[in-house]
Amino acid sequence: MERQRAQFGPWEVECLPDDGARVSVLRFEGLDLLTSRPEAFVPRPDRGRFETREAYGYDDCFPTVDACRYPVDPPFDIPDHGELLWLPWQVRAESDRLVCSVAGELLPVTFTRTMVFSPCRIEWR
């Protein structure tokens with residue numbers, strides 16, 4: 001799986017474009033700020049689709065957290081935790097930011113997450 005890594009001063013970030021642009025690593029001055037990938041993971045077959053994914057890092061949930069029917073005519077299903085974490089994203093590092101974007105397949109939207117890094121904070125846009 002492709003891993004996009006970037007360093008912004010004291011910040012280190014790793015993103016997985018093909019895994020919904022999951023932020024898999026976020027470190028400040030070497031300190032891990034996110035839950036790391038589990039060493040062993042056995043998904044339970046009686047759980048929903050989201051529960052078959054390893055739970056670690058950071059994901060964006062859009063347009064919903066729970067699986068649901070989207071209220072249009074005709075209605076359609078939105079998966080558990082939305083559709084974005086199931087899609088491959090475009091990821092690019094710029095001078096002070098990491099920009100991740102994806103076009104929805106179920107809804108006509110383009111979602112962009114921009115993480116702007118400064119010496120002592122991150123701004124999520």
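What follows draws every value from the coordinates through simple rules; no lab data is involved. It should be emphasised that the depicted structure is a prediction, and the values quoted were computed from it without experimental measurement. Every residue, glycine among them, receives a Cβ derived from its backbone with ideal geometry; neighbour counts consider all protein chains shown.
Both radii are taken from the alpha-carbon atoms of the range 4-124; with Rh as the Kirkwood radius, Rg/Rh is 1.01.
Of the residues 116, 82, 61, the one whose Cα sits farthest toward the positive end of the charge dipole of the range 4-124, with +1 on the Cβ of Lys and Arg and -1 on the Cβ of Asp and Glu, is 116. Using R₀ = 30 Å, calculate the FRET efficiency as 1/(1 + (r/R₀)^6) where r is the Cβ-Cβ separation of residue 92 and residue 69; round to 0.05. Taking R0 as 30 Å, the efficiency between residue 92 and residue 69 is 0.30. Build a GNM of the chain with springs between Cα atoms under 10 Å apart, and of 95, 36, 24 the one that fluctuates most is 95.
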